[in-house]
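Each remark here refers to the structure printed beneath this line.
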Amino acid sequence: IEDGDPIAVHDVLGYAMHIVDSDGITIFYNDEMASLEKTNVSDALGKPFRDVFSSIPEEESTLTAALKERKSTLATQQTYLNAYGKEITTVNSTAPIIVDGKVVAAIEVAKDITDIKDLSNTILDLRSGMQSAGDEDQKGIKQYHFEDIIGKDRAFEEILARAKKASRNDVTVLINGETGTGKELVAQSIHYDGLRKNGPFLAQNCAAIPESLLEGILFGTATGGFTGAEDRAGLFEQANKGTLLLDEVSAMPIGLQGKLLRVLQEENLRRVGGDKDIPVDVRIIATINEPVDKLIETGALRKDLYYRLGIVNLSIPPLRDRKSDIPILIDEFLKEYNERFGKEVWMVSDGAMQKLMAHDYPGNVRELENIIMSAVSMADDEHVLAEEDVEIGGGQKGENPQIQGFVA
């Protein structure tokens, strides 16, 4: 932070914050930081921070880098021991405070991701164990094939025909479709009806993992790559000889998109903190839920990555553009949820059908499925769902509210 640049209070209010002077003495250590690091304010305030947090190697300390090298770091993951020996994992952003050309202090703002880091490591370990054990661990997990995908709409059938052709080759596929259109069903079908059906199929939602952890989850980590790092194979290595689905790939940070592009081009990777190139043989299927042009224009998706991913492009139409499929889908959902809930709902009334056909379905097929599941689960002894039995978005008869909360 250069001399004269203001620090906006509203930008840091409520954040865990640690400030040290030019000698490394802690001059500010708030309650939020103490809570994050599972320690007390008195343990740090007025003391050399290197004495309090001695478990962090000198060369990996972001506060040291700020004081000695004038180096700012953004969203850097650290795993270390607090003053009581408890392991903490944080994402830190650190910057030197410079006045009249001299470093007078350094400020660090942190976020606790201990639970997220532990969860991500557990997921990787479980997935690795499943791949080591083989297909036995996949029993009970639904695997979709093209025959499981319902629809007679002409445009939809044309997309499925292209997807079936894609399953007979090994190139990357980019699937574009709104929330709930069935992108993962198509991706799984390409895999399980394709050349790599005997290999693993792994999926990762790129919007569901913090940026600081996603790189390690995808590419793995090497011991010593950062404090607390362990040797772990990432999803690319675990999906070797199989398929990796990158859901919402445009949510991946731009810098990480560049690293993904390199892996796709060179067919090898380096674990985070590693120095060894590891060959990988993985088919990538990626999904997006917004128009490509918009994502590239706003900078959410690298153009060169798009060209590498979109060797085969599949654009799944929303349900509002294939309404002739609604009655077919309703019949399938009635069969499924009758069996699940022990009901005998045979059909929907004309009024209910008109209501269902008139809706725009912002949540697409998933929304229609949820509506039918709800209606069947709440049915008593009736065999026909009446108009009043069908609630759309929690609304009553005659209402047509916009649906919110459907996951991509």
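The values are calculated or read from the model by the stated rules, or taken from the named source; none is laboratory data. Note that the coordinates shown come from a computational prediction; the quantities given were computed from them, not determined experimentally. Backbone-built Cβ (ideal geometry, glycine too); neighbour counts: all protein chains shown. These accessible areas exclude ligands, DNA and RNA; they are computed on the full protein's heavy atoms, side chains included. Shrake-Rupley method; radii C 1.70, N 1.55, O 1.52, S 1.80 Å.
Which condition from (1) part of a helix (DSSP H, G or I); (2) in contact with a strand residue (DSSP E or B) (Cβ under 9 Å, 6 or more places away or on another chain) is the one that residue 246 breaks?
So the condition that residue 246 fails would be (1).
Quick one: how many residues across the stretch 126-151 are open to solvent by 90 Å² or more (accessible area, probe 1.4 Å) and either modelled with pLDDT of 95 or more or part of a helix (DSSP H, G or I) (or both)?
5
Scan the stretch 294-317 residue by residue and report those that are part of a helix (DSSP H, G or I), farther than 12 Å from residue 176 by Cβ and open to solvent by 60 Å² or more (accessible area, probe 1.4 Å).
To start, the set of residues in the stretch 294-317 that are part of a helix (DSSP H, G or I) comprises 294-297, 303-309.
If we keep only those that are farther than 12 Å from residue 176 by Cβ as well, we get 296-297, 303-305, 307-308.
Hits for the stretch 294-317 are 297, 303, 304, 307, 308.
What pairs come up if the first residue lies in the stretch 351-363 and is on the phi < 0 side of the Ramachandran plot, the second is open to solvent by less than 20 Å² (accessible area, probe 1.4 Å) and assigned to a helix (DSSP H, G or I), and their beta carbons are under 8 Å apart, counting only those six or more places apart or on different chains?
The qualifying pairs are 353/330; 356/326; 356/330; 356/368; 356/371; 357/326.
So, residue 219, is that one modelled with pLDDT of 95 or more and of a type in the set (Phe, Trp, Tyr) or not? Before you say what the answer is, go through the steps one by one.
Details: modelled with pLDDT of 95 or more: no; of a type in the set (Phe, Trp, Tyr): yes.
In short, no.
Scan the stretch 73-115 residue by residue and report those that are open to solvent by 20 Å² or more (accessible area, probe 1.4 Å), in a strand (DSSP E or B), charged (D, E, K, R) and closer than 18 Å to residue 39 by Cβ.
Those that are open to solvent by 20 Å² or more (accessible area, probe 1.4 Å), in a strand (DSSP E or B), charged (D, E, K, R) and closer than 18 Å to residue 39 by Cβ: 87, 111, 112.
Being farther than 15 Å from residue 309 by Cβ and modelled with pLDDT of 95 or more narrows it down to one residue among 161, 166; which is it?
Details: 166 fails: farther than 15 Å from residue 309 by Cβ.
That would be 161, the only listed residue that is farther than 15 Å from residue 309 by Cβ and modelled with pLDDT of 95 or more.
Kindly indicate the residue of the stretch 318-352 that is open to solvent by 20 Å² or more (accessible area, probe 1.4 Å) and part of a loop (DSSP other than H, G, I, E, B) and also farthest from residue 184 (Cα to Cα) among those meeting that condition.
Only one residue tops the list, namely 349.
Could you please tell me which pairs satisfy a Cβ distance under 7 Å, a separation of 6+ or placement on different chains, a first residue in the stretch 235-248 that is under 20 Å from residue 179 (Cα atoms) and open to solvent by 20 Å² or more (accessible area, probe 1.4 Å), and a second residue that is aliphatic (A, V, I, L, M) and outside any strand (DSSP E or B)?
Pairs that qualify, where the first residue is under 20 Å from residue 179 (Cα atoms) and open to solvent by 20 Å² or more (accessible area, probe 1.4 Å) and the partner is aliphatic (A, V, I, L, M) and outside any strand (DSSP E or B), are 248/207; 248/408.
Take residue 177 and tell me if it is open to solvent by 10 Å² or more (accessible area, probe 1.4 Å) and small (Gly, Ala, Ser).
So residue 177 does not fit the description; no.
Would you point out the residue of the stretch 177-192, among those that are part of a loop (DSSP other than H, G, I, E, B) and among the β-branched types (Val, Ile, Thr), that is farthest from residue 167 (Cα to Cα)?
Keep residues of the stretch 177-192 that are part of a loop (DSSP other than H, G, I, E, B), which gives 177-182.
Those left that are additionally among the β-branched types (Val, Ile, Thr): 179, 181.
Working: 179: 23, 181: 19 Å.
Result: 179.
Give the residue that is surrounded by the fewest Cβ atoms within 10 Å (Cβ to Cβ), with candidates limited to residues of the stretch 280-293 that are in a strand (DSSP E or B) and of a type in the set (A, V, I, L, M, F, W, C).
So in the stretch 280-293, the residues in a strand (DSSP E or B) come out as 283-288.
Filter once more, so that each one left must be of a type in the set (A, V, I, L, M, F, W, C): 284-286, 288.
On the way: 284: 21, 285: 27, 286: 27, 288: 26.
Among them, the one singled out is 284.
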